[in-house]
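Accompanying notes for the structure given below.
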Amino acid sequence: MTGGGGSTRRPAAAARSRGRPSDASEPEPDARRAAAAAARRRGRGDHGPLRLMDVSPRTLALLGIASFALMSVAFVAYTGGWWEEVEGEGAATLRTVMRSVTPLPAPRMMDLPQFQGDHKESLYWGTYRPNVYLGIRSRTPLSLIAGLMWIGLKNGQYFLRHVCQDSDELSTFGWTAHNGRDYGHQALVDHGLFLTTGFIKDKGEGSGYGGDWAVRLDANSERSSLSDAQGSTTHLFFYIADESGKSITMGSHAPSSRGPVLLASGSHDEIGDWELYLRSEDNLEIHRAGFKSMSMHNLSDLVQQAVATNAMQTGNLNLPDTTEDSSNIMIYQVSIKTPAQIDIVFLSGSASKNPTVEERISKLTGPMLSARLESKQKEFEERYDQIFNVNNKIDSKELSVGRAALSNLLGGVGYFYGQSKIALPKGFTQKNGDKYIPYWPAALYTAVPSRSFFPRGFLWDEGFHQLVIWRWDVHISMDIIGHWLDLLNSDGWIPREQILGAEALSKVPEEFVLQYPSNGNPPTLFLAIRDLASGIHAKQFSDDEAEKISAFLERAYMRLNSWFQWFNSTQSGKYKGTFYWHGRDNMTTRELNPKTLTSGLDDYPRASHPSDDERHVDLRCWMLLATNCICSIAEFLKMDSALEKDYYKMSNQLSDFGALNKWHLDDKIGAYFDYGNHTEKVRLRWYDVQDKDTLRRELLRETLQPPQLQLVPHIGYVSLFPFMMGAIPPESWVLEKQLDLISNTSILWTDYGLRSLSRTSSIYMKRNMEHDPPYWRGAIWINMNYMILSALHHYSHEDGPYKGRAGELYDKLRSNLIRNIVKNYHETGFFWENFDQKNKGKGKGARSFTGWTSLLVLIMAESYPTLHR
């Protein structure tokens with residue numbers, strides 16, 4: 001993933017994780033030519049048994065006509081018709097571009113009845129702005145948004161806090177409880193200032209669409225005992241803004257002694273009239289400011305500038321108590337002496353003369369709010385214990401960390417709306433100079449990997465997120481997966497990184513924004529979808545859940561087929577049943593081993609010299625998972641057409657143990673490897689390069705021995721993919737070799753989890769370029785450790801000679817992972833992106849990484865995905 005932009009300082013690893021177009025997403029010119037040649041070869045359609053959806057010729061023709069019509073209309077709208085001026089080969093290329101920004105002509109997932117009505121309204125409001133410390137919005141493109149800011153004091157200087165960023169150096173921030181729907185509790189510690197935020201929703205008599213919500217702010221400070229008045233004053237800011245630009249009416253100017261204060265009111269098309277109230281039993285000083293602006297991602301700048309200007313003019317650290325005409329942004333500064341408690345209530349469908357207003361405010365403030373928050377906390381804890389059933393498996397310290405892991409994942413669910421930017425082919429530029437074309441406007445409801453570094457949707461992360469979320473709330477999980485599947489274009493491709501809307505764009509440097517329609521990403525959503533299908537077979541769900549899952553799978557089937565077809569036609573290898581991640585740079589002279597960002601494993605070593613001869617064992621295993629999943633859905637839906645027969649045939653081909661071994665197994669050591677044009681004799685060395693009149697030094701790759709076609713001898717996560725997917729028979733000697741590799745401390749085993757790359761690898765912990773430190777070259781990653789743990793659990797329950805040993809390794813690895821993640825959380829206050837195998841398992845990379853590190857919950861619960869047909 002690509003980290004935040006602006007002044008945010010990013011760890012080097014985080015800066016290039018899962019999306020760095022400057023390296024591999026945007027190939028060098030010659031690499032682009034190679035990719036184009038490969039695309040032409042793929043266009044012949046000479047690989048794999050699956051080509052078309054199983055529809056009649058007449059239906060197919062109608063779909064084609066409709067699809068072309070949609071593409072033409074969309075393309076003219078987006079480009080102003082400039083493509084009409086291009087002829088010949090250029091026109092053919094642009095027809096391909098047209099397809100890349102055209103929705104798949106299939107019924108939308110989010111149009112299913114189960115996502116309408118009560119379900120849709122129940123999820124209308126939420127903490128859906130994960131990039132800020134507390135941000136509330138509705139699941140609608142132009143929403144009312146609300147949020148919290150405060151002034152922090154560090155080293156005698158004031159700093160405005162709003163957007164989650166590591167440079168703020170908070171001791172901790174994150175949700176300790178969150179149910180994904182109507183309740184959350186968060187703790188933030190900022191250099192002696194202790195804040196907790198409570199969030200709750202309520203739909204009662206008189207409420208408008210989506211109901212009411214309330215925020216409780218508790219503030220305490222180490223400075224509370226100081227005699228200096230300024231030193232013990234805490235400045236909080238709460239704002240409400242209308243993204244549609246509708247004006248907001250300022251409420252009363254001065255707080256009453258104890259009653260609720262009307263801060264603001266307005267109207268919104270979906271919820272009707274609304275009002276915002278503040279209530280506190282403490283002494284407050286309130287200042288305010290109103291602004292007219294459509295730039296919601298610049299709210300911090302508005303506040304900072306207003307406070308700084310007023311401070312220079314008056315000497316007071318306050319908002320100026322002025323309002324611009326037709327303000328659609330209202331910001332309230334609440335200055336308090338800590339400790340203090342403030343309740344803020346939003347009422348929808350309200351009017352000041354409505355007789356229910358006072359009662360609704362009372363229910364969501366003061367003692368009644370305290371009681372409701374306590375009740376919701378108890379409900380959350382009881383539900384967690386019921387679903388994950390961990391009480392007899394872990395101790396109380398571990399239990400609280402597991403709850404925090406789930407809560408941060410759910411509290412990191414966001415709603416985004418906008419258009420991805422799709423790169424145009426080389427040589428094509430729009431009339432306005434843009435080198436991209438916009439995707440269609442789309443919404444995405446998604447769990448983000450990290451609120452501070454990656455506050456947006458990532459395709460390959462999402463499948464791991466949903467392994468946790470579907471177990472907690474299958475309806476939310478289907479809603480999230482459905483949003484992703486609705487992003488499929490007419491080729492069956494999904495942009496792997498979703499940067500939608502101004503707030504998301506504000507965190508990403510422009511050079512990292514473009515998405516490339518030739519680039520894939522591991523189809524991890526099949527992990528969760530397969531679980532849903534298997535759960536139906538096993539009768540895991542209630543009748544209502546089963547009915548909705550069935551409808552979901554039936555609607556998803558055509559979309560999953562198109563997604564699979566995209567992989568099968570664009571990522572195929574030279575031989576039937578082989579695959580490789582296309583798009584590696586075969587012309588680079590700067591990388592020790594050209595990265596494979598599309599695989600999700602970034603700098604994990606592949607063949608030293610990329611070519612069309614490559615075979616990637618991890619992609620073969622992802623394809624096996626996909627075919628098994630689609631077969632499972634077809635079996636459940638009782639589908640038996642030629643298409644399903646093709647899937648069963650391909651599933652059997654990819655399950656063929658002999659074929660797997662033929663293409664990827666090293667018989668001597670019993671390890672699975674990639675295949676390609678490779679040499680171990682490469683290194684980075686400094687060269688003196690003459691550039692006109694100057695001499696500069698560059699770190700470039702030197703090849704000391706010509707590469708040759710061979711297995712790529714690097715043992716690590718990729719080697720274990722057949723093991724992870726359960727593709728090895730339990731009685732095979734190859735299984736014993738996998739256990740040997742896993743348990744060997746000189747190869748993968750550590751006391752904190754399994755390394756991503758063996759210590760014996762020639763590329764272990766080596767930089768890829770001068771400013772490109774190792775990432776997947778040794779560090780411990782929780783998503784892959786979870787998959788390996790899942791396989792150990794599977795083989796420990798399969799009859800065979802290695803059952804007992806698999807069970808022993810399972811117990812040890814599970815214990816090591818839990819202990820290390822919990823230890824890091826207690827010591828640092830955060831969940832981490834990965835862990836340092838060389839420094840006692842210390843967390844590193846992005847902190848506050850609450851995406852797939854939340855798989856800790858399932859490790860504690862011993863709950864694993866269904867990978868076997």
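Would you check if there is a residue in the stretch 470-488 being in a helix (DSSP H, G or I), open to solvent by less than 10 Å² (accessible area, probe 1.4 Å), under 30 Å from residue 171 (Cα atoms) and touching a helix residue (DSSP H, G or I) at 6+ places or on another chain (Cβ under 7 Å)? Quick ask: steps written out before the conclusion?
Going through the stretch 470-488, the residues in a helix (DSSP H, G or I) turn out to be 470-472, 474-485.
Those left that are additionally open to solvent by less than 10 Å² (accessible area, probe 1.4 Å): 472, 474, 476-482, 484-485.
From what is left, the residues that are under 30 Å from residue 171 (Cα atoms) are 472.
If we keep only those that are touching a helix residue (DSSP H, G or I) at 6+ places or on another chain (Cβ under 7 Å) as well, we get 472.
Yes: one or more hits.
Going through the stretch 823-869 one residue at a time, which ones are part of a loop (DSSP other than H, G, I, E, B) and open to solvent by less than 40 Å² (accessible area, probe 1.4 Å)?
829, 830, 831, 837, 841, 848, 850, 851, 863, 864, 865, 867
Do we find a residue being farther than 23 Å from residue 790 by Cβ, at pLDDT 95 or above and not in a strand (DSSP E or B) anywhere in the stretch 614-626?
yes
Run residue 398 past the list (1) assigned to a helix (DSSP H, G or I); (2) within 27 Å of residue 125 (Cα to Cα); (3) of a type outside the set (A, V, I, L, M) and report the number of the one that doesn't hold.
Against the list (1) assigned to a helix (DSSP H, G or I); (2) within 27 Å of residue 125 (Cα to Cα); (3) of a type outside the set (A, V, I, L, M), residue 398 comes up short only on (2).
Taking the stretch 347-404 only, how many residues are within 14 Å of residue 275 (Cβ to Cβ) and of a type in the set (Lys, Arg)?
Residues that pass the stated criteria total 2.
Residues are listed down the side, and each one gets a yes or a no for (1) without any contact (Cβ under 8 Å) to a residue 24 or more places away in the chain; (2) farther than 29 Å from residue 537 by Cβ; (3) open to solvent by 10 Å² or more (accessible area, probe 1.4 Å):
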site: 602; (1), (2), (3): no, yes, no
site: 606; (1), (2), (3): no, yes, no
site: 612; (1), (2), (3): no, yes, yes
site: 617; (1), (2), (3): no, no, no
site: 621; (1), (2), (3): no, no, no
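In the stretch 272-279, is there at least one residue being within 23 Å of residue 372 (Cβ to Cβ), within 33 Å of the chain's Cα centre (by Cα) and at pLDDT 95 or above?
Restricting attention to the stretch 272-279, the residues satisfying the condition of being within 23 Å of residue 372 (Cβ to Cβ) are 274-279.
Of the ones still in play, those that are also within 33 Å of the chain's Cα centre (by Cα) are 274, 276.
So of that shortlist, the ones also at pLDDT 95 or above come out as 274, 276.
Checking the stretch 272-279: at least one residue is within 23 Å of residue 372 (Cβ to Cβ), within 33 Å of the chain's Cα centre (by Cα) and at pLDDT 95 or above.
All but one of (1) assigned to a loop (DSSP other than H, G, I, E, B); (2) in contact with a helix residue (DSSP H, G or I) (Cβ under 9 Å, 6 or more places away or on another chain); (3) closer than 30 Å to residue 682 by Cα hold for residue 767, so report the exception by its number.
Only one criterion is unmet by residue 767, namely (2).
It is to be established whether one or more residues within the stretch 110-124 are within 27 Å of residue 399 (Cα to Cα), buried (at least 18 other Cβ atoms within 10 Å of the Cβ), modelled with pLDDT of 95 or more and not polar (S, T, N, Q).
The answer is no; no qualifying residue exists.
Listed residues 760, 750; which is in contact (Cβ under 8 Å) with a residue 24 or more places away in the chain, more than 30 Å from the chain's Cα centre (by Cα) and surrounded by fewer than 24 Cβ atoms within 10 Å (Cβ to Cβ)?
760
Quick one: would you say residue 819 is at pLDDT 95 or above, among the basic types (Lys, Arg) and in contact with a helix residue (DSSP H, G or I) (Cβ under 8 Å, 6 or more places away or on another chain)?
no
A quick yes/no check of all residues on (1) free of Cβ contacts under 8 Å to residues at least 40 places away in the same chain; (2) of a type in the set (Ser, Thr, Tyr):
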site: 791; (1), (2): no, no
site: 794; (1), (2): no, no
site: 799; (1), (2): no, no
site: 802; (1), (2): no, yes
site: 809; (1), (2): no, no
site: 815; (1), (2): yes, yes
site: 820; (1), (2): no, no
site: 831; (1), (2): no, no
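Take the residues in the stretch 320-357 that are closer than 25 Å to residue 244 by Cβ and of a type in the set (A, V, I, L, M); name whichever of them is most open to solvent (accessible area, probe 1.4 Å).
351
What is the residue count in the stretch 689-731 for residues that are more than 21 Å from residue 606 (Cα to Cα) and either under 37 Å from the mean Cα position of the chain (by Cα) or crowded, with 17+ Cβ neighbours inside 10 Å (or both)?
Filtering the stretch 689-731 down to residues more than 21 Å from residue 606 (Cα to Cα) leaves 689-698, 726-731.
Filter once more, keeping what is either under 37 Å from the mean Cα position of the chain (by Cα) or crowded, with 17+ Cβ neighbours inside 10 Å (or both): 698, 726-730.
Within the stretch 689-731, residues that are more than 21 Å from residue 606 (Cα to Cα) and either under 37 Å from the mean Cα position of the chain (by Cα) or crowded, with 17+ Cβ neighbours inside 10 Å (or both) number 6.
If a residue counts only when it is surrounded by 21 or more Cβ atoms within 10 Å (Cβ to Cβ) and out of contact with any strand residue (DSSP E or B) (no Cβ under 9 Å at 6 or more places or on another chain), which helices (runs of 4 or more DSSP H) contained entirely in the stretch 490-600 have at least 2 such residues?
525-537, 543-570
Which residues, counting only those in the stretch 641-669, are small (Gly, Ala, Ser), in contact (Cβ under 8 Å) with a residue 60 or more places away in the chain and surrounded by fewer than 18 Cβ atoms within 10 Å (Cβ to Cβ)?
Listed by number, the residues that qualify are 641, 642, 655, 659.
Consider residue 437 carefully, then state whether it is under 17 Å from residue 99 (Cα atoms), open to solvent by less than 10 Å² (accessible area, probe 1.4 Å) and of a type in the set (A, V, I, L, M). Please lay out each step first, then the result.
Details: under 17 Å from residue 99 (Cα atoms): yes; open to solvent by less than 10 Å² (accessible area, probe 1.4 Å): yes; of a type in the set (A, V, I, L, M): yes.
For residue 437, the condition - under 17 Å from residue 99 (Cα atoms), open to solvent by less than 10 Å² (accessible area, probe 1.4 Å) and of a type in the set (A, V, I, L, M) - is met.
Working carefully through the options 202, 190, 212, find the one that is over 27 Å from residue 473 (Cβ atoms) and open to solvent by less than 30 Å² (accessible area, probe 1.4 Å).
Result of the check over 202, 190, 212: 190.
What is the residue count in the stretch 358-410 for residues that are of a type in the set (Ser, Thr, Tyr), open to solvent by 50 Å² or more (accessible area, probe 1.4 Å) and more than 24 Å from the chain's Cα centre (by Cα)?
Here the count works out to 2.
Could you look through the stretch 407-448, keep only residues that are in a loop (DSSP other than H, G, I, E, B) and among the β-branched types (Val, Ile, Thr), and pick out the one that is farthest from residue 853 (Cα to Cα)?
Ranking the qualifying residues of the stretch 407-448, first place goes to 429.
From the list 151, 145, pick out the single residue that is farther than 22 Å from residue 445 by Cα and β-branched (Val, Ile, Thr).
Being farther than 22 Å from residue 445 by Cα and β-branched (Val, Ile, Thr) holds for just one of 151, 145, which is 151.
Which one of these does residue 456 not meet: (1) crowded, with 24+ Cβ neighbours inside 10 Å; (2) within 19 Å of residue 526 (Cβ to Cβ)?
(2)
Whether any residue in the stretch 302-319 is in contact with a helix residue (DSSP H, G or I) (Cβ under 6 Å, 6 or more places away or on another chain) and closer than 26 Å to residue 120 by Cα is what I want to check.
Checked against the condition, which is being in contact with a helix residue (DSSP H, G or I) (Cβ under 6 Å, 6 or more places away or on another chain) and closer than 26 Å to residue 120 by Cα, the stretch 302-319 yields no hits at all.
Only residues that are outside any helix (DSSP H, G or I) and either open to solvent by 30 Å² or more (accessible area, probe 1.4 Å) or hydroxyl-bearing (Ser, Thr, Tyr) (or both): list them for the stretch 774-796, please.
775, 796 - these are the residues of the stretch 774-796 that are outside any helix (DSSP H, G or I) and either open to solvent by 30 Å² or more (accessible area, probe 1.4 Å) or hydroxyl-bearing (Ser, Thr, Tyr) (or both).
So how many residues does the stretch 136-187 have that are at pLDDT 95 or above, open to solvent by 10 Å² or more (accessible area, probe 1.4 Å) and among the basic types (Lys, Arg)?
3
Assess whether residue 742 counts as being open to solvent by 10 Å² or more (accessible area, probe 1.4 Å) and β-branched (Val, Ile, Thr).
no
Looking at 243, 222, which one is at pLDDT 70 or above, farther than 19 Å from residue 279 by Cβ and over 34 Å from the mean Cα position of the chain (by Cα)? Quick ask: steps written out before the conclusion?
Working: 243 fails: over 34 Å from the mean Cα position of the chain (by Cα).
Result of the check over 243, 222: 222.
The values are calculated or read from the model by the stated rules, or taken from the named source; none is laboratory data. Everything numeric here is computed off the predicted structure, so don't read it as measured data. We place every Cβ from the backbone using ideal geometry, glycine too, and count neighbours over all the protein chains shown. Surface accessibility is based on the protein's heavy atoms, side chains included, excluding ligands, DNA and RNA. Shrake-Rupley method; radii C 1.70, N 1.55, O 1.52, S 1.80 Å.
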